[in-house]
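Novice: After the structure tokens below, expect a handful of questions from me.
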Amino acid sequence: MVNVQESLKVKREVLEISSEIMSESGQFLRKAGFIEILPVIISPITDPLNHSVFDASIDYYDGKYSLTKSMIFHKQLAVRVFPKIFTFSPNIRLETEDKKSTGRHLIEFTQLDLEVKGAKRDDILTLIENMFVEVFKDVDEKFGQIIRSMNPHFSIPKIPFERVKYLEAYDEYGPDFETILSKRATEPFWLIDIPIEEREFYDRLDGDGKVLVDMDLIYPYGFGEAISGGEREYEYEKILYRMNLKGNDHETLRWYLDEVKKGIPPSAGCGIGIERLTRFVCNLKHVSEARLFAKLPGTVSI
């Protein structure tokens with residue numbers, strides 16, 4: 001019984017910290033001129049992703065809705081209305097069972113999605129670095145003793161974060177470079193200029209035609225990927241070119257392409273996994289410990 005009570009106490013503490021992370025993130029963004037929009041749960045269009053997952057769609061009359069894998073397209077459309085937006089977006093990605101043991105994957109998770117009209121990658125890097133510092137200071141002030149009892153490595157990140165070019169890291173360390181660098185690092189770092197074949201069609205292609213103006217944030221101590229984002233393609237012909245390179249079906253994304261024809265602005269943004277951030281702060285073994293009613297790949301849960 002004591003073990004059960006202790007386990008529940010830890011869970012309550014983790015949930016309080018997670019709640020504070022979301023609260024402080026939202027406050028930081030509002031102070032920076034952002035507004036919060038409501039998430040999109042179902043839509044005819046959603047992120048095609050760069051890897052296969054099981055289909056999560058709903059037949060509805062003569063059409064079909066997909067459950068949201070990410071709000072990438074809706075974010076691009078939203079900045080036509082307001083230049084700085086964010087949302088806490090529930091994402092459904094029915095991953096295969098092999099992702100169950102990574103410590104980083106759930107089939108249902110929450111992502112802090114943000115997008116800025118007219119922004120460049122560097123603008124988003126600076127924004128996120130400053131937000132992380134403020135969030136970490138806030139949770140340290142309110143939960144520092146609890147956090148340090150869980151996580152002896154906890155500290156306020158030092159900015160600016162290091163920037164590592166994908167291809168240079170690959171050449172030096174081989175295909176497992178991200179894991180190697182994450183385990184060696186003691187501070188978060190950016191992985192930038194990711195090759196075109198490694199990402200979806202919507203991140204903007206650099207002038208060399210080989211890498212994208214994008215980034216991932218990587219947590220230290222082996223916790224791995226934290227954030228993905230970058231500048232977006234916004235010109236119709238370039239989007240079609242990129243879709244053809246990736247083999248994306250035009251009809252599946254017809255709703256998005258119709259909106260692009262009307263015009264969408266250049267923008268940049270990113271998505272931050274809330275469970276992964278909570279896991280990193282609290283030094284948890286698996287993201288399933290960072291939320292109630294967690295759903296692991298390959299299982300059915302309440």
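Novice: As a test of the definition: which semi-axes, in Å, follow for the range 261-301 when you take the square root of five times each eigenvalue of its alpha carbon gyration tensor? Largest first, please.
Specialist: Values for the range 261-301, descending: 32, 16, 7 Å.
Novice: Note the direction-averaged projected area, equal to a quarter of the hull surface, for the Cα convex hull of the range 165-302, in nm².
Specialist: Average projection, Cα convex hull of the range 165-302: 10.7 nm².
Novice: Per residue, how much accessible area does the chain have with a 1.4 Å probe, in Å²?
Specialist: 49 Å²
Novice: Among LEU292, ILE159, TYR236, which residue has its Cα furthest toward the positive end of the charge dipole of the chain, with +1 on Lys/Arg Cβ and -1 on Asp/Glu Cβ?
Specialist: The Cα lying farthest towards the positive end belongs to LEU292.
Novice: What is the percent of Cα-Cα separations in the range 69-124 that go past 14 Å?
Specialist: 60 percent
Novice: Enumerate the amide H contacts of GLU162 below 5 Å, restricted to partners 5 or more residues apart or on another chain; note that Pro and chain-start residues carry no placed amide H.
Specialist: Result for GLU162 returns TRP190.
Novice: Let me ask something else about it. So between SER101 and ASP140, what do we pick up on full extension, going 0.36 nm a residue minus the alpha carbon distance?
Specialist: The SER101-ASP140 span can extend by a further 11.1 nm.
Novice: I've got another one for you. Would you grab the residues whose amide H sits under 5 Å from the one on LEU94? Only those 5+ places off in sequence or on another chain, please, with H modelled 1.01 Å from N.
Specialist: Hits under the 5 Å cutoff: PHE54.
Novice: Say each of THR186 and VAL10 gets a label point 7 Å from the Cα, pointing the same way as Cα to Cβ; how far apart are those two points in nm?
Specialist: Each label point is offset 7 Å from its Cα along the Cβ direction, giving 2.6 nm.
Novice: Next up: Go through the range 97-111 residue by residue and turn each phi into a ³J(HN,Hα) via Karplus (6.51, -1.76, 1.60, θ = phi - 60°); whole Hz please, and just put x for glycine and proline.
Specialist: Going residue by residue, I get 4, 5, 7, 4, 9, 6, x, 10, 10, 10, 8, 10, 8, 10, 10 Hz, with x marking Gly and Pro.
Novice: Moving on. Using θ = phi - 60° and the Karplus relation 6.51 cos²θ - 1.76 cosθ + 1.60, list the HN-Hα couplings for the range 211-228 in order, rounded to whole Hz, with x at every Gly or Pro.
Specialist: 10, 9, 8, 9, 6, 10, 9, 10, 6, x, 6, x, 7, x, 4, 10, 9, 10
Novice: For the pair ILE159/MET22, report the inter-label distance in nm, with labels modelled 7 Å from Cα in the Cβ direction.
Specialist: 2.4 nm
Novice: Across every pair of different alpha-carbon atoms, what Kirkwood hydrodynamic radius in Å does the range 1-97 reach?
Specialist: One over the average 1/r among Cα pairs gives 16.3 Å for the range 1-97.
Novice: A follow-up question, please. Run the accessible area of the chain with a 1.4 Å probe and give the carbon-and-sulfur part as a rounded percent.
Specialist: Summing carbon and sulfur atoms, their accessible area is 53 percent of the total for the chain.
Novice: Just going by the charge dipole of the range 35-172, with Lys and Arg at +1 and Asp and Glu at -1 on Cβ, which of TYR61, PRO83, GLN145 is farthest out on the positive end?
Specialist: Most positive-ward Cα: PRO83.
Novice: About its Cα centre, how strong a charge dipole does the chain have in debye, to the nearest 20, once Lys and Arg get +1 and Asp and Glu get -1 at the Cβ?
Specialist: Dipole magnitude for the chain comes out near 680 debye.
Novice: Only one of the values (i) 30, 56, 13, 1; (ii) 32, 60, 8, 0; (iii) 34, 54, 12, 0 was calculated from this structure for P(r) over Cα pairs in 20 Å bins from 0, in percent; name its label.
Specialist: (ii)
Novice: To continue, here is another question. Could you work out how far apart the two model spin labels at LYS262 and THR299 are, taking each label as a point 7 Å from the Cα in the direction of the beta carbon, and quote it in nm?
Specialist: Simple spin-label model gives 4.3 nm for this pair.
Novice: Could you please state, rounded to a whole Å, how far the C-alpha centre of the range 1-75 is from the C-alpha centre of the range 242-258?
Specialist: When both Cα centres are located, 25 Å separates them.
Novice: Keeping all protein chains in the complex and leaving out DNA, RNA and ligands, what accessible area do you get for ARG12 with a 1.4 Å probe, in Å² to the nearest 10?
Specialist: Surface accessible to solvent at ARG12 totals approximately 130 Å².
Novice: Moving to a separate point now. Give, in nm to one decimal, the length gained when the segment between TYR241 and ARG254 is fully stretched (0.36 nm per residue of separation minus the Cα-Cα distance).
Specialist: 3.2 nm
The values are calculated or read from the model by the stated rules, or taken from the named source; none is laboratory data. What you are looking at is a predicted structure, and each value in this text was computed from that prediction instead of being measured. Note: ideal-geometry Cβ built from the backbone for every residue, glycine included; neighbour counts use all protein chains shown. We work out accessible area using only protein heavy atoms, side chains counted, and drop any ligands, DNA or RNA first. Shrake-Rupley method; radii C 1.70, N 1.55, O 1.52, S 1.80 Å.
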